[in-house]
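The values are calculated or read from the model by the stated rules, or taken from the named source; none is laboratory data. These numbers were taken from a predicted model, which means no experiment stands behind them. FYI the Cβ positions are ideal-geometry reconstructions off the backbone, even for glycines, and counts take in every protein chain you see. To get the accessible areas, we keep the full protein, side chains included, count just its heavy atoms, and leave off ligands, DNA and RNA. Shrake-Rupley method; radii C 1.70, N 1.55, O 1.52, S 1.80 Å.
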Amino acid sequence: MSILEVAKVRVDPARTEEFESAFADAIAFVRAAHGHRDSQLTRVLETPGEYLFLVTWEDLADHTERFTASDGFRSFVAVLEPYFREAPEAVHVTTIIEKENSK
């Protein structure tokens with residue numbers, strides 16, 4: 001069963017273009033990580049400068065133990081940290097009821 005990491009990221013609204021450009025490069029560190037299945041950055045429409053970073057991991061330890069202890073994680077943070085207004089908030093969730101297939 002996979003795990004979805006949902007990370008809320010807040011940046012200065014005046015620097016969103018810079019942040020998005022930096023993120024496009026930095027996401028490679030996450031995508032190369034052991035246990036990574038999928039990832040995407042989404043923008044919160046109601047709040048300028050707020051994003052949700054969604055990452056699907058094979059299991060919780062792939063993120064909380066292996067990735068956070070890796071050089072890839074340190075590189076990912078080093079690229080993006082200058083844009084953060086505050087530390088990102090992350091939670092991990094698992095699906096209880098599957099989504100309905102599109103018709």
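Overview of results
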| quantity | calculated |
| --- | --- |
| Pair list, Cβ < 6 Å and 6+ apart or interchain, from region 55-73 residues that are closer than 9 Å to ILE3 by Cβ to residues that are of a type in the set (D, E, K, R) and surrounded by fewer than 16 Cβ atoms within 10 Å (Cβ to Cβ) | THR56/ARG37; THR56/ASP38 |
| Boolean, PHE53 is open to solvent by less than 60 Å² (accessible area, probe 1.4 Å) and either within 22 Å of SER21 (Cβ to Cβ) or at pLDDT below 95 (or both) | yes |
| Residues of region 70-89 that turn out to be of a type in the set (A, V, I, L, M), in a helix (DSSP H, G or I) and over 13 Å from ALA28 (Cβ atoms), as a count | 2 |
| Residue in region 14-32 that is touching a Lys or Arg at 6+ places or on another chain (Cβ under 6 Å) and open to solvent by 80 Å² or more (accessible area, probe 1.4 Å) present | no |
| Members of region 24-48 that are at negative phi, part of a loop (DSSP other than H, G, I, E, B) and not polar (S, T, N, Q) | ALA32, ALA33, HIS34, VAL44, LEU45, GLU46, PRO48 |
